[in-house]
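The values are calculated or read from the model by the stated rules, or taken from the named source; none is laboratory data. Model, not experiment: these values are computed from the prediction. Neighbour counts are summed over all protein chains in view; Cβ atoms, including those assigned to glycine, are modelled from backbone coordinates with ideal geometry.
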Amino acid sequence: MSERLKKLVEEQNKLWTRMQDIQRAAEEDSRDWTVEERTNWDAANERLDVVSGDIDRLERSAKLEAADYFRDNPGGAAGTEVEIPEKVEEQRAAKYERAFGTYLRHGMERLDHEERQLLLNNQQEVRAQGVATTSVGGFLVPPGYRTVLSETLKAYGGLINYANVITTSTGNPLQWPTNDDTGNVGSILAENTAITELAVAFGSRTLGAYMYTSRLVLVSLQLLQDSAFDLDTWLPKKLGQRLGRAVAAHLIAGTGSGQPTGISTNVVTGKTGATGQTLTVIYDDLVDLEHSLDPAYRGPNCRYLMNDATLKVIRKLKDNQGRPLWVPVPAPGFAAQINGWPYVIDQGMPVPAANAKSILFGDFNLGFIVRQVLDVQMVRLTERFADQLQVGFFGFQRLDAAPDDPAAVKAYVNSAT
């Protein structure tokens, strides 16, 4: 754990302790909170949100740094990966990132032979109507740039962090096998009796690869030539925001027709709120939702998924002992919890409303699968906008998603009236 992260966790613990002390003092005296107590509690709560957000960002950043993003092997055979010393790998990644930065600002003509070859070895053809267009290609975004893109995408969609994400090298239809053998049960075998056959029924679903694009971002030549303009951060963030909004919305509520099938589209209802609970949820409903899931799935990977507006409602709830269901610091270094379970915020989830599936609970790694082809890529268009002294950029990503095991996730549905 880094020194910065350690200090944030310590501050998080102190803030939560202070909030508990304020609440406990009022409860022990059986009185309302004083104006000073309310002010202090609100201030601590506001700071706690900031600190908790910083902790989450640092932890995500650490995971990204630990991941092996760079797979370039220009000297090896096609489709193969060769293990090389760590220092050589870092140097090659740095070279690719510098070449990519030059390409962003000046295009291919400013690259030397080695830099040009690095980019070409990471080029992915853009296909239109099934025909390969070799004259225009997208280059894999290097580690430093992809970190910005990935973080931005995840900021709009928390679900993708906990789904089963698989990456393939091509976009061919992917057959994903399924099986539900829970209805098949063994039996006692009598002496001298043959064993009877009990077939296992396999199914399958097909994952495609929808092409997501950020659409065009135009940058003037003046800005590209201005070294004070932080293109390396601004451009990936802008492309990532656009891709992130599109992908996140479909991962939650995609129809499956011309787009991925979202996790909430056909999810099984585990609990429906009683009449009057169009905008709320009560403690008992959350308990019922948790237990609507078979115990086989209620393991360490289970968590809640909801919109931030729903979290606001739950943060005001208490259990039968008067204790808040929302616990920001269950233990040093652990994520915030609701009724003992971690939660994920995804703004693609619906806010509490009549008939809204506002809360999901379950194991999202078992319940939802995301298939992506390669990684985020980017194209630079020079000649098309030359008369306007502009350069066009767009990012693209091929992706599909679908519910996997329907028994692994259940939904809370707000009352209709």
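Going by the conditions given, is GLN377 within 21 Å of the chain's Cα centre (by Cα) and modelled with pLDDT of 90 or more?
no
Within the stretch 180-230, the set of residues being among the polar types (S, T, N, Q) and at pLDDT 75 or above comprises ASN184, SER187, ASN192, THR193, THR196, SER204, THR206, THR213, SER214, SER220, GLN222, GLN225. Please work out if THR278 is hydroxyl-bearing (Ser, Thr, Tyr), within 18 Å of LEU360 (Cα to Cα) and in a loop (DSSP other than H, G, I, E, B). Against the criterion (hydroxyl-bearing (Ser, Thr, Tyr), within 18 Å of LEU360 (Cα to Cα) and in a loop (DSSP other than H, G, I, E, B)), THR278 qualifies. Beta carbons closer than 7 Å, at least 6 apart along the sequence or on distinct chains, pair a first residue in the stretch 294-315 that is among the charged types (D, E, K, R) with a second that is surrounded by 18 or more Cβ atoms within 10 Å (Cβ to Cβ) and assigned to a loop (DSSP other than H, G, I, E, B) for ARG303/TYR162. In summary, strands (runs of 3 or more DSSP E) completely within the stretch 317-417 and bearing 1 or more residues that are of a type in the set (Asp, Glu) occur at 368-381, 390-403.
Scanning the stretch 86-95 turns up no residue that is modelled with pLDDT of 60 or more, closer than 25 Å to ALA228 by Cα, assigned to a loop (DSSP other than H, G, I, E, B) and in contact with a helix residue (DSSP H, G or I) (Cβ under 7 Å, 6 or more places away or on another chain). Which one is nearest to the chain's Cα centre (by Cα) among residues in the stretch 9-39 that are of a type in the set (Gly, Ala, Ser) and either surrounded by 15 or more Cβ atoms within 10 Å (Cβ to Cβ) or not in a helix (DSSP H, G or I) (or both)? Among those residues, the one meeting the criterion is ALA26.
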